[in-house]
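The values are calculated or read from the model by the stated rules, or taken from the named source; none is laboratory data. Source: prediction; values computed, not measured. Note that we place each Cβ from the backbone using ideal geometry, even for glycine, and neighbour counts take in every protein chain shown. Note: accessible area is taken over every heavy atom of the protein model, side chains too, but ligands, DNA and RNA are not part of it. Shrake-Rupley method; radii C 1.70, N 1.55, O 1.52, S 1.80 Å.
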Amino acid sequence: HLAAGKDASTGMAISFAVPFDCHPSTYSAAVIYWLEDDKNEIGRVHKQQSDPNRVRQYNNTPTDLLDEFYVSPHFHHIRIDRLEPRSKYNYLCVVHMREDEVEPQQFAKKYQSFARSFQTAPSSSTSFSENFEFAVLGDSGSGSGGRRTMKLISKARPSLILYAGDVAYCAGRSARWDHWFEVFEELLSSIPLMPVPGNHDVEPNGVTYELFPNYEPRFAMPQVKDAIIGFGEKGLTHNPNSWYGVYDYGNAFYSFVAGPATFIHLNSYTSSKVGSRQHEFLIQTLQGVDRAKTPWVFVVAHCPLYNPYSKHNHEIQTLMMKEAMEPLFIEHRVNIVFSGHIHAFSRSKHVANGKTENTAPIYIISGDGGLKPAKVPYHSPDSPEEWLSSRDNENNSFGTVRLLNSTHAYWKRILSTNGVAGDVWEEVVFRNQHFVA
């Protein structure tokens, strides 16, 4: 699967798993890639080797299924840079004995028909005529609903996918993570997936209680530094709700630039208090944004700061993030904050501290990516909150955002519920509040 680099126009990370028996001390792994031309001919071929010191492998005993010991494959994460913006590349993942040599040009020609491809994002200086678009969803799982959603995303062909947490719903069975990536391999090998961790991704090791053992090794986000991961308390469930631990940096929180936008991904399940690592990261990232180059700023976090539903209210990690980080979102005029957690949809007006304010962020819950709609009760069924624009608890869906220019973006919510899959539920043009006087 793919992940965008720190600059999605020039960098890409390619991740793949190899069997446990193919130990990196004996087997070498690499990515062979080349720029596709108009005639689909192979030009100059590049080879990027996997660093054996960065290969990830882990063993896991779940908390409530102690007889299901899991041994993971080896995860190779190969980062490629110096790519051309808005360009299509073909690539092949290669594993071979270390003593054997693989000549990139010959290998590419021999196995060209097996190659996968990806396209880099436009650069921040590119004309808006190229209409950069991304998709948003969360809480999909790998059942029929999640498959319908991902199939529609594949047809939409966005430049990248923002995923608002709760990936595989493994419920103590780590092999379900392998299954999730296998189910969506075709899509995720061509479009970058940019996730945040959710509560169903906590999944502490049943013996050591190390947190996020299935999540951290499988991704290669544009990291600030290596992950700092703590341990949960004895008895911690695999999907805690009102809780936070220690999971900083690594794939927990990060930022990147893609086209005319800066994306900031946050971890709801680590400290976001003033002075915490994550809070300092957010301050530094927002202060470093140049709105002349990336006029749009988007945030992703699993737990919604504005929630019109009766479920997952007043959870400690959400209250902490709202208190410490909402003032920063308001001050720096973040455009939209995307979340999941609630298996439903809602879209707020521009809201600050519970009141509408035309320079404040919009908050979108997109946690209906695949699980059967739970018809979560509304907090105020007869009189929606003053700050609320729309809500729906009866469908599965995903959203797309197309950046039309520096001042306007086009939001579309597309249903993936069986029987109405592909129907457009709402279309809205957003104005960039950064430019509102």
Item to check | Residue count, the range 75-114 (criterion: over 17 Å from residue 43 (Cα atoms), of a type outside the set (A, V, I, L, M) and in contact with a Ser or Thr (Cβ under 7 Å, 6 or more places away or on another chain)) | outcome: 8
Next on the checklist: Tell me the residue from 175, 156 that is in contact with a strand residue (DSSP E or B) (Cβ under 8 Å, 6 or more places away or on another chain), over 19 Å from residue 368 (Cα atoms) and open to solvent by 10 Å² or more (accessible area, probe 1.4 Å), please.
Outcome noted: 175
Checklist entry - So which helices (runs of 4 or more DSSP H) are wholly in the range 139-198 and hold at least 1 residues that are polar (S, T, N, Q)? => result 144-156
Checklist entry - Within the range 49-57, is even one residue at pLDDT below 95, among the hydroxyl-bearing types (Ser, Thr, Tyr) and touching a His at 6+ places or on another chain (Cβ under 9 Å)? => result no
Item to check | Of residues in the range 216-253 being farther than 24 Å from residue 72 by Cα and aromatic (Phe, Trp, Tyr), the one surrounded by the most Cβ atoms within 10 Å (Cβ to Cβ) | outcome: 244
Checklist outcome for this item: Filtering strands (runs of 3 or more DSSP E) wholly in the range 243-314 for at least 1 residues that are closer than 19 Å to residue 343 by Cα gives 296-300
Next on the checklist: Tell me yes or no: at least one residue of the range 204-226 is acidic (Asp, Glu) and touching an Asp or Glu at 6+ places or on another chain (Cβ under 7 Å).
Outcome noted: no
Checklist entry - What is the residue count in the range 68-97 for residues that are outside any strand (DSSP E or B), open to solvent by 20 Å² or more (accessible area, probe 1.4 Å) and closer than 22 Å to residue 213 by Cα? => result 3
Checklist entry - Are any residues in the range 397-426 within 26 Å of residue 353 (Cα to Cα) and either in contact with a His (Cβ under 8 Å, 6 or more places away or on another chain) or open to solvent by 60 Å² or more (accessible area, probe 1.4 Å) (or both), and if so, which ones? => result 408
Item to check | Residues within the range 188-215 that are open to solvent by less than 10 Å² (accessible area, probe 1.4 Å) and without any contact (Cβ under 8 Å) to a residue 60 or more places away in the chain, tallied | outcome: 4
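Every residue, every condition in (1) buried (at least 24 other Cβ atoms within 10 Å of the Cβ); (2) free of Cβ contacts under 8 Å to residues at least 12 places away in the same chain, yes or no:
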site	(1), (2)
255	no, no
262	yes, no
265	yes, no
268	yes, no
275	no, yes
280	no, yes
284	no, yes
289	no, no
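Yes/no matrix, rows are residues, columns are (1) buried (at least 20 other Cβ atoms within 10 Å of the Cβ); (2) among the hydrophobic types (A, V, I, L, M, F, W, C); (3) modelled with pLDDT of 95 or more:
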position: 3; (1), (2), (3): yes, yes, yes
position: 7; (1), (2), (3): no, no, yes
position: 19; (1), (2), (3): no, no, yes
position: 33; (1), (2), (3): yes, no, yes
position: 38; (1), (2), (3): no, no, no
position: 41; (1), (2), (3): no, no, no
position: 65; (1), (2), (3): no, yes, no
position: 99; (1), (2), (3): no, no, no
Checklist entry - Of the residues 343, 350, 314, which single one is at positive phi and of a type outside the set (Val, Ile, Thr)? => result 314
Next on the checklist: Looking for something in contact with a Phe, Trp or Tyr (Cβ under 7 Å, 6 or more places away or on another chain) and hydrophobic (A, V, I, L, M, F, W, C) - is there at least one such residue anywhere in the range 388-399?
Outcome noted: no
Checklist entry - If you go through the range 322-338 one residue at a time, how many are under 30 Å from residue 145 (Cα atoms) and either part of a loop (DSSP other than H, G, I, E, B) or out of contact with any helix residue (DSSP H, G or I) (no Cβ under 9 Å at 6 or more places or on another chain) (or both)? => result 3
Checklist outcome for this item: Scanning the range 368-396 residue by residue, the ones that are under 26 Å from residue 429 (Cα atoms), assigned to a loop (DSSP other than H, G, I, E, B) and open to solvent by 20 Å² or more (accessible area, probe 1.4 Å) total 7
Checklist entry - What residue, among those in the range 109-125 that are assigned to a helix (DSSP H, G or I) and either in contact (Cβ under 8 Å) with a residue 12 or more places away in the chain or open to solvent by less than 40 Å² (accessible area, probe 1.4 Å) (or both), is farthest from residue 158 (Cα to Cα)? => result 109
Item to check | Selection status of residue 55, among the β-branched types (Val, Ile, Thr), open to solvent by 60 Å² or more (accessible area, probe 1.4 Å) and either within 24 Å of residue 192 (Cα to Cα) or in contact with a strand residue (DSSP E or B) (Cβ under 8 Å, 6 or more places away or on another chain) (or both) | outcome: no
